[in-house]
Amino acid sequence: MEEADKVHEEAPEPPVLSDNQEDKKGASSFKGKEDPTEEGNEELKTKMQEEKKDVNKRIMSLQKRLTTLVTNIQTAADAKEMERRSGMEDNCRIRDERLKNDAKACQEKVEEIRKGWSIVNQKVVHSELQSVLDSQQQLCAAVIEDKKKLIRDLQQERRVKEDQYLKNLRRLDEEIKLMLDRMQQQFQNLSKAYSEELTQLQGVYQQEIEVLLAKDKAKLDKHMKEHWDTELESLMERRRMVEESEKTVHDVMLENTTKIKLMQLEENAKSQARLREQQQMKGKSVVLNLKQLEHGNKNAAYNAKLEEMKGKILGTSKEVKNLKTKYAKQKDKFMKQRQYLSEVHKRSRQHYERMQKEVRYTTAADARKFEEMWVMMEEEVTQLAEKALAIDSLICKHLGLAWERPSAAFMESPGPRRSQEHDTNPNSHLLQTRHPSHCSQRMMDASVGPSLERDSEHSTGVEEGELSSETLMKVMELLCDETGFLVEDKLRKLLVPMEKNEQTIVKLHSLFAVLGLKEKDLPKLLHEFLLMYERQQGERTEGAEAMENSATADSTSRLIKPNYVLPTLRRFLEQHRKRSSSHQQSSLSHPARDTSVEEAYWDRLGNIITEEKLKLWDAAERELKQYEEVLMDISVLVPETELLRQQNTELRMQLQQILSTVLNSLWLSAEGREKKSRTRKSRPSTTTSSITQCSL
Amino acid sequence: MRRIIAEDLDWSLATVSSLSNLCLQCIVNNFEEKPIYEELTSSEKDFIQNRVSLSLPLHFAANVFPDGVYWKRRCEQKWKVCDVSNYGESWKRMFFERQLENIIELFVPGITEPKTVLDMVTLCKDHIKKLNIAQLLPPVKEPQTEDEEQATELTLENEDDKSGMDHFDFRILLDKLTNLEELHLVYKVKSCGMNFEWSMFEMTNRDCESLAKALKSCKTLKLFRLHLSHLEDKKCRLLVKYLLDHPSLRTLDFSHNVIGDSGARAIGKLLTKSKLEILNLYDNNIGGPGAKAIAHALSKNTTLVSLNLCLNRLNDEGGQAICKALLNNKTLLHLQLGANGVTWLTALSLSSVLAQNNTLKSINLSCNTLGECCILHLEARATKKVNPLCHLGGYCHRGLVKTTSGSSMRPSFHVGGNALEEAMSHNTSVTECNIHLTDIEERKVSVINQMVWNNQFRKQETSPREKNTENAN
């Protein structure tokens, strides 16, 4: 079996190999045929294809070998199985047959035994029976023997089979081992074949590659050679060109050098000539230089000084500039400040004026109110006085006294206030006279500031009418002279070259400044002087000692003595100061009123009813009160009497009625009952009497 | 720091890991308490997958980590050999599939809680596409006294469903695996040693029923393989009955079982109803009638691509039936009739098919006595019992002539080989033909092989040439 397997497994291998070889041969021959016909790439391509085919074939054959090996093993196994099956079937059949034969034999023997048993039944003789029984026993024994034999045989067979099975197993084991070996071998073979195949393929491809490489190399060489040739040619040409150009360059250079040399010679000649000229010039210049040197030294010194000066100047100019700028800055700053301050000042002044106005207005309003109040009070008081007087007169009349009016004049005369309204008292007159002048002065100040002399002239002219400008000037001069000690020496020096008029004016200014007066006070001062003068004059006329004055009266007829100037001035100043302060006060407070007059007035009014009269009034009052009381009592009693009177009348009425009724009844029963009625009559009479009494 | 550098020559800044690495390391250390994964960048994810402890609870890790390095590490920790290419290059899938396989293979009915399986299933139901279960343990049999055994022996046979020998019940599993495509099952016990019992290597009826129902409930299944499980006709019929209307099944593999003719008939019915593409009935007990049923279905079927009937008992009756069916079938590509006891008669009918049919790609006729079986025929002719199935009597006549000339010699009329050779010369589609151990002359075998080889080569050549022409155009 194994051998057969081997044979069958190995059998297909050689043909495959031979096929391969044949294929290879065929392929090579094919190649050989086709190689010369085709050329170049096509040839290569076909070659490649051929080789590919070859490779494919080889690979396929390898695969086939592989599969055949596997299938061979499988088929071998199948075959073995088949054999086993057939063997088993055979064995089974043989056994079956044997069993059948045995069964048949057994049955025959059993039949025989049965027959024997029938014979046994027939046989009666003991010996015969015995013999038959023996034979039967023998037969049974034979049957048993047969069976036993059969069993033994079967057991033997089984044992043999077991041995066989064991052997079979062993063989299988061996086979498996062998198979494994073979598989290993095959594996090795296969790997070897594959490696061979691989090397072959590699060889083929390598050859191919070599061929290709060689071809490429040849091509490359060819190309390179061509390239080198062209390169060489071009290089040669280039060399030639270079040589030519070198030659030309050489020629040109030669020409140039000759030219240059010629030019150099010329230049040399020229330069020598120039040198000569230069030397001559130098000689001249040396002389000049010597002169110049002297100048130069001086100049240098000056220059140095100048430089210094310049530097200084520059420094100073710089400083100046700085200062200027600083100054400008400061100026600006101050300007701004001044502007600002002046604005502030203006504003405050306006404010002040406004305040003054307000104050004046309010004071005026208050004064008026006061006056009105006063007047009203006075009126009331007079009315009250009138009333009191009227009452007094009434009382007097009542008392029956003679009454006379205290003083009609007084009563008629109005109050001191009311009288003030009408006539101007001396105090107010003074004030009034002062005010207008003041106002006018102010107005003038506002209108014409600087033309002071003229104004004053004018004003004085207006006021006095006699004051001329000359006199004014004179007065002023006088004033200036006398008060010269107040003016500063410097000013006086400065004023020397000026005209007299101007001098006086300037001096006056300074004077005023010293004295703390204002320009507006000037006319007053002058006026005062004049007044003074007039007074002096008056005094003198009275005192009769102004002879000296009169002597000079013509020229300075209206001037005061220079000796009086100072005291008058002082007085004026004092006055002025007082006035200014009083003026300030007067603007605020009312003028002082005449309290004594008013007091007297009020006293008179208060005493219009005298003490005596008061005492009289008191007494009268007392009396009157008593009288009143009496009257009051009477008034209380009056209604009582009234009531009583009424009751009386009523009672009388009742009485009358009763009387009438009684009379009637009596009239009716006159005769029958005279006695009885008499008694009855007595009774009512008593009652009536009682009633009358009561009413009385 | 400086000093350290000066004194320690091995010191380098590279050993001081960057802050980000330290942070990641921290995440790794505390992964179970505070898993931070989705927010990270891909490189950071790799870092974590490479370092996270493998002892993380599975239910936790399954939800956090997608397929990647982590699962690779777990797989390699658990198994020595890990070929991820078998699992769609997905380590996670591999881990879960193998994990579930392990659990099921070690599942002992009656002792293991079904909950363990279900817990696992809830975790991995989305990842499992293939289950390859190599063993199914029977329940532990309680030691019984011999008397009782003898007493119960009869009852066992009577009510063998209630024997309590049922294996793992797939009904609890298969309807939950929504992505399952392949299921490989073996009802056997690995390395049972001296405890061997035949019952360990077969499924019970109730197993079969539960499995059939489970298969029906699994709508995504494409491949079902139940091999080495002593599948009998009855059970096969039961399974097929439930698989008749399965919407997605494409591959069915009942190899190495004991399916007989009635099972084959049921499978034939399945072939007509379903859209099976691959059917594997290797190593079964199918005889002529079963093969006829399959052949009948094959003549109508338009989906089947591969049919494997190796190692059955088809004989000429079934072989010829199938070859006849192939005259009408234009879809079958692979046909395997190896080791079926067919003779030159089948070879003749197959060669007639090969001459016409150009769809078949591979044929397996190995281990059949194609060459020498004409002795029977000759004998039959001699006894005037001409086999009506013999259509090519001419060969026999020639053989007869030959036998008459060489009277005492064993007749060696390679009728089948000749027929196949002739048929192959007309055929261009067959690229694989296994006729080893068929008693055909070696010369003819090599010729046939050469022809097959040429076909194969031609096919290989045509496809690139077509491509080339397309490129040229």
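The values are calculated or read from the model by the stated rules, or taken from the named source; none is laboratory data. All of these numbers come straight from a predicted model, not from anything done at the bench. Every residue, glycine among them, receives a Cβ derived from its backbone with ideal geometry; neighbour counts consider all protein chains shown. Heads up: the accessible areas ignore ligands, DNA and RNA and are worked out on the full protein's heavy atoms, side chains in. Shrake-Rupley method; radii C 1.70, N 1.55, O 1.52, S 1.80 Å.
Loop-located trypsin sites (Lys or Arg not before Pro) in the stretch A:186-249 (DSSP state other than H, G, I, E, B) with a sparse environment of at most 16 neighbouring Cβ atoms within 10 Å are absent.
Rounded to the nearest Hz, the phi-derived 3J(HN,Hα) couplings of the stretch B:229-244 under the Karplus curve 6.51 cos²θ - 1.76 cosθ + 1.60 (θ = phi - 60°) are 10, 6, 6, 9, 4, 4, 5, 4, 4, 4, 4, 4, 4, 7, 8, 4, where x marks glycine and proline. Residues A:LEU573, A:LEU341, sorted by accessible area with the largest first, give A:LEU341, A:LEU573 [1.4 Å probe; ligands and nucleic acids excluded]. According to the Kirkwood relation over distinct C-alpha pairs, the hydrodynamic radius of the stretch B:63-103 is 10.1 Å. With a simple spin-label model that places each label point 7 Å from the Cα along the Cα-to-Cβ direction, the separation between A:LEU323 and A:VAL110 comes to 17.8 nm. How charged is the neighbourhood of A:SER285? Take every other residue with its Cβ under 14 Å from the Cβ of A:SER285, and add Lys/Arg as +1 and Asp/Glu as -1. Neighbourhood net charge equals +2. For B:CYS433, nonlocal amide neighbours, meaning residues 5 or more places apart or on other chains whose placed amide H falls under 5 Å from its own, are B:ILE363. For the stretch B:295-364, just say rounded, prolate or oblate: build the C-alpha gyration tensor, square-root its eigenvalues into a ≥ b ≥ c, call rounded for a/c under 1.5, and beyond that prolate if a/b exceeds b/c, oblate if not. Here the stretch B:295-364 falls in the prolate category. Tell me which lysines have Cα within less than 29 Å of A:LYS321's Cα, excluding those fewer than 8 residues away on the same chain? Straight-distance partners of A:LYS321: A:LYS305, A:LYS310, A:LYS312, A:LYS329, A:LYS331, A:LYS333, A:LYS336. Measuring r between the beta carbons of A:ARG95 and A:ASP146 and using R0 = 22 Å, the FRET efficiency lands at 0.85.
For the stretch A:231-359, just say rounded, prolate or oblate: build the C-alpha gyration tensor, square-root its eigenvalues into a ≥ b ≥ c, call rounded for a/c under 1.5, and beyond that prolate if a/b exceeds b/c, oblate if not. Because a/c hits 1.5 or more and a/b fails to exceed b/c, the stretch A:231-359 counts as oblate. Amide H to amide H distances under 5 Å link B:THR204 with B:HIS167, where only residues 5 or more positions off or on other chains count and H is placed in the peptide plane.
For the stretch B:35-66, GluC sites (Glu not before Pro) meeting the loop criterion (DSSP other than H, G, I, E, B) and having at most 12 other Cβ atoms within 10 Å: B:GLU38, B:GLU39. Distance from the Cα centroid of the stretch B:252-266 to that of the stretch B:85-99 is 31 Å (rounded to whole angstrom). Summarising the amide proton neighbourhood of B:LYS130: residues at separation of 5 or more, or on other chains, whose placed amide H is nearer than 5 Å comprise B:GLU181, B:GLU182. Phi-derived couplings, Karplus 6.51 cos²θ - 1.76 cosθ + 1.60 at θ = phi - 60°, listed residue by residue for the stretch B:416-421: x, x, 4, 4, 5, 4 Hz, with x used for Gly and Pro. Hey, which lysines would be in cross-link range of A:LYS369, C-alpha to C-alpha under 21 Å, not counting anything within fewer than 8 residues on its own chain? Reachable lysines: A:LYS357. Cross-linked pairs B:LYS216/B:LYS241; A:LYS64/A:LYS192; B:LYS34/B:LYS115; B:LYS129/B:LYS361; A:LYS324/A:LYS490; B:LYS222/B:LYS275: Cα-Cα separations exceed 20 Å for B:LYS34/B:LYS115; B:LYS129/B:LYS361; A:LYS324/A:LYS490. Cross-link pairs exceeding 29 Å in C-alpha to C-alpha distance, out of B:LYS141/B:LYS269; A:LYS261/A:LYS284; B:LYS330/B:LYS459, comprise B:LYS141/B:LYS269; A:LYS261/A:LYS284. Accessible surface buried at the A:B interface totals approximately 2000 Å², computed with a 1.4 Å probe on protein heavy atoms. Here the 3J(HN,Hα) profile of the stretch B:306-311, calculated from phi with Karplus coefficients 6.51, -1.76 and 1.60 at θ = phi - 60°, is 10, 10, 10, 10, 5, 6 Hz, Gly and Pro shown as x.
A simple count of charges around A:ASP618, restricted to other residues whose Cβ falls under 15 Å of its Cβ and scoring Lys, Arg +1 and Asp, Glu -1, yields -1.
The local environment of B:ASN285, defined by Cβ-Cβ distances under 11 Å, has a net charge of -2 under the rule Lys, Arg +1 and Asp, Glu -1. Using heavy atoms of the protein chains and a probe of 1.4 Å, the accessible area assigned to A:MET183 is about 100 Å².
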